[in-house]
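J.: My structure is below; once you've seen it, I'll send some questions.
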């Protein structure tokens, strides 16, 4: 092969590899009891174009939150179903998108709403149960019965929403030595020291911080450098910035995701930092149905850049693709996923016109193809 054709061949190979690197699996969790849905859907998503194609689906009841194993071989799902709630495990073929059911266990708390995992354990936040459950992993990727259940106590001033504890999230610290958990019902964020190898006491309370009464802490996320935590509060729209070190949170500043002239109903939902660590996004439901965009400044401070309509109803969850090119919003009530193009320089998002139509999508997870 002469030099000219050799160069063309190498260029072709590079182009094919690059094209493959632009594609990721998009896993979608849905509610199955309000409209026609199988449960978990797997699509291929092109982060260069924003195009997508269906790969597979798996039937399971109300998989409202999903987590993929670190080795990309297994998927774990909550089954949010009142007193009959469970946690399920699946083997995952990332090429075909096929999910094969392995087993399920009692969640040990009603209405699990968040799930995380590492090599050893699966950890679940049970909203109505007001507790955290820890499940061990078996060698085949299935899960054991719950080996620890951590019960929260207390209530808040909002009699309708805070009549008891409501654990809304569990989140690993960047070094995986702690698990943070916010409780919408008692207005607290807990920090648990995490021992992945313990047989029955993986989580031990390290610290807790109290929020404004009636605020309802819902979701949190870390800054890219791990030095700050951003906490979104569902009931008052507040967004709090904490400094973070070794399981300890210290409040720095607080702002709001609401526009100054907004007068309608709202319900703060989800928040994520862009892959480059430069912007923070937060979704809001109710009559707001928008995404608030913040620029992350030095020392973790935030500068509001504005709000953008999500073009749907109930933006309960959204995700930014691993390259940062697109932001996808799952609308629980208008039954679609709206795909936005993201400007990496300004952080602003614009509608691509592309939609994935599905019954009640409420969780989006990107993983390797």
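J.: Of all residues being in a loop (DSSP other than H, G, I, E, B) and surrounded by fewer than 18 Cβ atoms within 10 Å (Cβ to Cβ) in the range 23-46, which is modelled with the lowest pLDDT? Just the residue, please.
T.: Here the residue is 34.
J.: Do we find that residue 130 is out of contact with any helix residue (DSSP H, G or I) (no Cβ under 7 Å at 6 or more places or on another chain) and more than 30 Å from residue 45 (Cα to Cα) in this structure?
T.: Considered against the rule, which asks whether it is out of contact with any helix residue (DSSP H, G or I) (no Cβ under 7 Å at 6 or more places or on another chain) and more than 30 Å from residue 45 (Cα to Cα), residue 130 comes out as yes.
J.: As an exercise: evaluate residue 181 against (1) within 24 Å of residue 82 (Cα to Cα); (2) touching a helix residue (DSSP H, G or I) at 6+ places or on another chain (Cβ under 7 Å) and give the number of the one condition it does not meet.
T.: With respect to (1) within 24 Å of residue 82 (Cα to Cα); (2) touching a helix residue (DSSP H, G or I) at 6+ places or on another chain (Cβ under 7 Å), residue 181 is out only on (2).
J.: Assess whether residue 191 counts as being over 18 Å from the mean Cα position of the chain (by Cα), in a strand (DSSP E or B), on the phi < 0 side of the Ramachandran plot and modelled with pLDDT of 95 or more.
T.: When the stated conditions are applied, residue 191 passes them.
J.: Can you tell which of 239, 297 is modelled with pLDDT of 95 or more, under 16 Å from residue 347 (Cβ atoms) and crowded, with 22+ Cβ neighbours inside 10 Å?
T.: 239
J.: Which of the residues belonging to the range 295-329 are part of a strand (DSSP E or B) and under 18 Å from the mean Cα position of the chain (by Cα)?
T.: Correct list: 315, 316, 317, 318, 319, 320, 326, 327, 328, 329.
J.: Only one of these is farther than 20 Å from residue 113 by Cα, modelled with pLDDT of 95 or more, assigned to a strand (DSSP E or B) and in contact with a strand residue (DSSP E or B) (Cβ under 9 Å, 6 or more places away or on another chain): 351, 270. Name it.
T.: Selected residue: 351, the only one of 351, 270 that is farther than 20 Å from residue 113 by Cα, modelled with pLDDT of 95 or more, assigned to a strand (DSSP E or B) and in contact with a strand residue (DSSP E or B) (Cβ under 9 Å, 6 or more places away or on another chain).
J.: Answer yes or no: is there a residue in the range 244-256 that is touching a residue at least 60 places away in the same chain (Cβ under 8 Å), buried (at least 21 other Cβ atoms within 10 Å of the Cβ) and not in a strand (DSSP E or B).
T.: No, because not a single residue in the range 244-256 is touching a residue at least 60 places away in the same chain (Cβ under 8 Å), buried (at least 21 other Cβ atoms within 10 Å of the Cβ) and not in a strand (DSSP E or B).
J.: Hey, another quick one. Kindly indicate which of 175, 225, 183 is touching a residue at least 40 places away in the same chain (Cβ under 8 Å) and buried (at least 20 other Cβ atoms within 10 Å of the Cβ).
T.: Within the list 175, 225, 183, the selection yields 183.
J.: Give the residue that is surrounded by the most Cβ atoms within 10 Å (Cβ to Cβ), with candidates limited to residues of the range 351-361 that are without any contact (Cβ under 8 Å) to a residue 24 or more places away in the chain and within 22 Å of the chain's Cα centre (by Cα).
T.: 355
J.: Looking at residue 58 and the list (1) at positive phi; (2) part of a strand (DSSP E or B), which single condition is not satisfied?
T.: (1)
The values are calculated or read from the model by the stated rules, or taken from the named source; none is laboratory data. On a predicted model such as this, the values are computed, not experimentally measured, just so you know. Quick reminder, even Gly has a Cβ in these numbers, built from the backbone with ideal geometry, and neighbours come from all protein chains shown.
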